[in-house]
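The values are calculated or read from the model by the stated rules, or taken from the named source; none is laboratory data. For clarity, every value in this text was computed on a predicted model and none was experimentally measured. Virtual Cβ from ideal backbone geometry, glycine too; neighbours counted across all protein chains shown. Keep in mind that these areas ignore ligands, DNA and RNA; they rest on the heavy atoms of the full protein, side chains included. Shrake-Rupley method; radii C 1.70, N 1.55, O 1.52, S 1.80 Å.
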Amino acid sequence: MSDERDDHRAPAADDHPDSERARPRPRTTDPLELGFTPRKPVPWLAPFLLISTGIRTLLAILFGAYLDKRELQNAFGDDIFRQAGPDGGLWLDYVADLGDGFNATYSIAYLLAQPELTVNGHRLPRAQTLVMGGDQVYPSAAYAEYENRCKGPYQAALPLTPPDRPTLFAVPGNHDWYDGLTAFLRLFVRSRDRNFAGWRTGQSRSYFAVELPAGWWLLGVDDQSGSYLDDPQLAYFDEVARRLGPESKVILAAPSPTWIKAADSPTAYDSIDYFIRTIIDPTGARVRLLLSGDLHHYARYAGPDRQLITCGGGGAYLYPTHKLPERIEVPPRDTLARRASRTQPYDLVARYPDAARSRRYGWGIFARLPFRNPGFTTLLGILHTLLMLAMAGATANWGDSTNQRLFSVPLVLMVLVTVAAAVLFAKPPNANGKRHVRNWLLGVSHGVAQVALAAGATWVWLALPFYEWPWPLPAVAAAVVYGPVIGLVASQVVAAYLLVAGSFGVNVNELFAGQGIEDSKSFLRLRIDPDGTLTIYPIGVDRVSRDWQVNPDQSPTASWLTPKTRLAPHLSEPPIVLP
């Protein structure tokens, strides 16, 4: 293990000065001047996106071991880093799930980059260390998407490194893993020009260890989308553990809140439990805080001696909070890990947005679903048009035209396809989750509802004069008139299904992903005092900015764009103090 690195050292000879990598300040919001293309929020129910994401997930499950670059990282640097502010303390920011639509992503990046924030009367200076907690880009890990959805917005927020030289560390999430970490390593694990916008990149692997002031440590682990911790990573942290002792206090940054996901998939927490039990516990050090993103909200569970915080509000669509369990047991009782680790109860003590607002957001599915996901509405229109043609061909006298007979679709086949698609749609919240009886019942009920809609719509269509027109005019009318109308109506049936299913804990993710809610974003600002007191400021933003203007301040480190309407960050709950 090499000597620890202090990231507040003087620039080395091979460091590129900021002037060499500075981009000209834009005069407009044109992408050619910005150097990247601001993206709209990802339409998560778009058919091609659903298919491609499903394929990527399947490939990650089947071939993840073959794409795993962590074993190769044994040849990379094995540094332990040190972060401390000039006063002997440290300010640290945590943000996760950030690379989605520009408005939400840049709103949070803009706040992170400001020299100081005043939040509920607290003056909070810009952090000297920034931790990105996973899923730095959506929907795929393509390098161009990183540029447009992540690096570009952060470059616009903090164009050059300020004098205090803040440092960035990043944990890869499941979306970062879709290309086997190739783009992630190019951006965050570099041997030269170690900069990400105005932040210096600190880590030498996809995981890291940082010594913080007053006996605190920050450990970021990479469990390859919940798979396992590789041997080189465990060997790296074995060396880190040599520096831990009974007085050490650990902040553990994980890619996913497996303490919550274990309620549906009991083995989800096993990797983190193994890490704590075999690496940290033998040293006498205490894990005081577990941090994660992946679920796009803020939630805090408090236990006897540990806080479990999910803060995935960096820019991706909002995930609901009203279905969170009020109490969890970690590790869960029905996992093998409990034989080695004592189960502890944790209570849900805070969430943002609150449960009432989260429920209200759910009702927005009716208005948002068809317009945020036009491809999904189009797909429903095509499916229902084929269903109508099949039903009309079976119930009405369409004549003996060869073209019409060839165009007819077997009714039984279309009904089976519709019901099967609805059942598959009623999937568990994660790939390893179990299908319960409620999944099957809700899926079949949804499929039957769609078939019933098709039957009623066919009856209405046959009462209209279109089908009596000369061929192929009925087919043209069905495509031009029937398809768009029935697609919109069918989307409302899907919306109603999602609202009902969500109340049973099924398709909760799709209920909110289909809306692409940009508001209610969050991040953490943490302060470690020289005496070892850790204070956590959970910061929420009720409404992100939709309108931006070029910043009249032309100083090198000033954000390129400023919101036309001032952002109003606030504390999601009072500061949490850990002595």
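Points to keep in mind about this one:
- Computed E for Lys434/Glu247 - FRET, C-beta separation, R0 45 angstrom, nearest 0.05: 0.60
- Label point 7 Å beyond Cα of Trp363 along Cβ direction - residues of region 478-496 with amide nitrogen under 15 Å: 496
- At full extension, Glu573 and Ala356 could sit 76.6 nm farther apart than now, given 0.36 nm per residue minus the alpha carbon distance.
- Cut-off 17 Å (backbone N to label point 7 Å along Cα→Cβ of Lys40), residues of region 362-394: 367-379
- Magnitude of the charge dipole, region 464-579, Cβ model with Lys/Arg +1 and Asp/Glu -1, debye to 20: 160
- Whole-Å distance, taken between Cα centres, linking region 526-579 and region 339-366: 23
- Computed E for Arg327/Ala452 - FRET, C-beta separation, R0 41 angstrom, nearest 0.05: 0.55
- Prolate/oblate/rounded call for region 467-571, Cα gyration tensor, a/c under 1.5 rounded: oblate
- Positive minus negative residues near Asp93 (Lys, Arg vs Asp, Glu; Cβ under 9 Å): +2
- Within the chain, helix-based [θ] at 222 nm, where runs of 4 or more DSSP H residues each add -39,500 (n - 2.57), nearest 500: -10000 deg cm²/dmol
- Extended-chain gain in nm, criterion 0.36 nm per residue less alpha-carbon gap, Glu116 and Val444: 112.7 nm
- FRET efficiency, Ala235 to Arg192 (Cβ-Cβ, R0 30 Å, nearest 0.05): 0.70
- Residues in region 284-364 average 40 Å² of solvent-accessible surface per residue, probe 1.4 Å, ligands and nucleic acids excluded.
- When you count the other C-beta atoms within 10 angstrom of each residue and take the mean per peptide, 268-279, 311-322 line up highest first as 311-322, 268-279.
- Charge dipole magnitude, Cβ of K and R +1, D and E -1 - the chain, Cα centre, debye nearest 20: 1140
- When only alpha carbons are used to place a centre, region 315-333 and region 472-522 end up 25 Å from one another.
- Unit charges at the beta carbon, dipole of the chain: most positive-side option, Trp363, Pro266, Trp461: Trp461
- For the chain, with +1 on Lys and Arg beta carbons and -1 on Asp and Glu, the positive-most of Leu252, Leu111, Leu130 along the dipole: Leu111
- Estimated at 0.36 nm per residue, the fully extended path between Thr28 and Leu424 surpasses their Cα-Cα distance by 137.9 nm.
- Å³ per residue enclosed by the Cα convex hull of the chain: 163
- Given charges at beta-carbon only (K, R positive; D, E negative), |dipole| of region 136-286 in Debye: 580
- For region 248-368, relative contact order (Cα pairs under 8 Å, six or more residues apart, normalised by length) works out to 26 percent.
- Taking region 282-314 and a reference point 7 angstrom along Cα→Cβ of Asp347, the backbone N atoms nearer than 16 Å belong to 300-308.
- On Cα atoms only, tilt of 437-463 relative to the major axis of the chain in degrees: 40
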